[in-house]
Each structure stands twice: as structure tokens, then as C-alpha cells.
Amino acid sequence: MTNEELVQLYQNGDKQALDKLIEQNRGIVNKLVNKFYTEGTNSIDREDLEQEGYIGLITAASKYKSDIENPAKFITYAIYWIYQRISRFVKYRSTNEETSLNTPVGENGDTELMDCIEGVDYSFENVEEQIYRQELRMELEEVMSKYNTLQARNILKLHYGWENNSCMTLNEIGEILGVSGERARQLKSQALRKIRSSPWGRELARKFYCDEKAIYRDSIPGTVESISFAQRYLYNEVV
């Protein structure tokens, strides 16, 4: 049975349909979990991430509406909820697992953690840059929601490592969405064009154009629209 058929049965009270839905999409949940979990590098258990993923899947099954005009495929809708649930869990755990910089480390405990941290810039300029990037990210989120479809937003976030810097290839994304890697590439390109041509994208490109004019006086693109939004902003600045 299709995901949509199982969701319909579940919403009509068939609890076994939910079990089948979960089993049918277990692989997709695992692939999204892999984006946030790296063996031996974090304190979050994989089982916890999987549990959050399944909760996201169940939430999607409860909220999905197939009786609207041109509904998204269920898996497109589910990916949004699975991704949101896992990323929020990771953020919460990261926020609440702070380690004191005065924690003793080393064989004799005579060294503090702070002494082991190199190359960390705590200057005002660095904090200001972090705030700028956070604001830019929030603006981009709003623009994506306004100009891109849910499927396109999923592709951009998965491909550019939104939330955790772990990027997926377009072929991997295509496998999750049930489309070819080439189709995923086309959808990504279309999404970027819509962002770049939006009022926000044009204004951002104009600012970049003005800031870089003195530096790249001999190699300025013929038009503001020719500036690569993906390279300059979506990847380097936001992710």
C-alpha cells in the first residue's frame, strides 16, 4: 500500500496501518538520523534520535491532509516533521549539556579545559558576525517558506546541511524523496533561482555587489543577478 493509503487508514482509526507506515519508512528515518549522528563524536544516543524521528513521522501521519488541492506527497510532508523533531532534540541537548571551561583535564588534573581550547575568538567582532549570520539565516528561512515548495525546502536543507553542516548528495536526497538525483538537482536549481530573484535575494545581491565592487573592479558580473547566491550566501554565510 502507498504511504497515502496507510495514512488515510490510520486517520480513520486503523492503528495497524500506523505500524505498517512506520515499517515502510524506517529506512528514511534512519537516513535522516545519519545526518545528525556520528559514531563516537557526540553524547546523543542513536536510539534517541531514531525515537524522535518516529515521533516526527507519527506527527506527520496525524496532521497530513490529502483532501486539499495539490497536496504534497506524504513523504515530502513527513521529512519536514522528522527533520524538525530530530534537529530540535539535538539543539535542546546541546544547549543543556554545557561543560564548564574550568573542568580539570589531563592525567594529573592540573590543566583546565579552557587551556586546551585554541583558536576560539571571543571578541566583539566575532560575536557580532555570529549574530549577523543568525539573522541572515532567519531571513532566509522566511524567504524559503514564501517562495519555495515544501519539497524544495527539504532539498535545500538536506543538501546544504541545514542545522548541522552534514550535507547530503542530491542522489541521496533523491532516494529519500523517490526521485532521481537529476530531478533533485533541477528542483534545487529552481529553488535557488526563486530565492535569488526574490526582493530579499536581489537586495542581498545588491549589497554584495556594492561591498565587493572595489575589490573585484575588473571582474564584476554584468548584472547583479549573475552573482552566485548558492556559493556566497546559502552555503558560506548561512549553513
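Take each peptide in 191-204, 146-159, count the other Cβ atoms within 10 Å of every residue, and average; sorted highest first, the result is 146-159, 191-204. Measuring r between the beta carbons of residue 62 and residue 92 and using R0 = 25 Å, the FRET efficiency lands at 0.70. Taking 0.36 nm per residue of sequence separation and removing the Cα-Cα distance, the residue 84/residue 20 pair yields an extension gain of 20.8 nm. For a straight C-alpha distance cut-off of 16 angstrom, the lysines reachable from residue 65 (same-chain residues fewer than eight places away being disregarded) are 73. Extension gain, residue 137 to residue 46, is 30.0 nm, computed as 0.36 nm per intervening residue step minus the present C-alpha separation. Mean projected area of the Cα convex hull of segment 1-66, taken over all directions, amounts to 4.6 nm².
Any read-out appearing in this document is the output of simple, stated calculations on the displayed coordinates, not a laboratory observation. Predicted model only: the values in this text are computed from it and were never measured. So basically every Cβ, Gly included, is an ideal-geometry build from the backbone, and we count neighbours across all protein chains shown.
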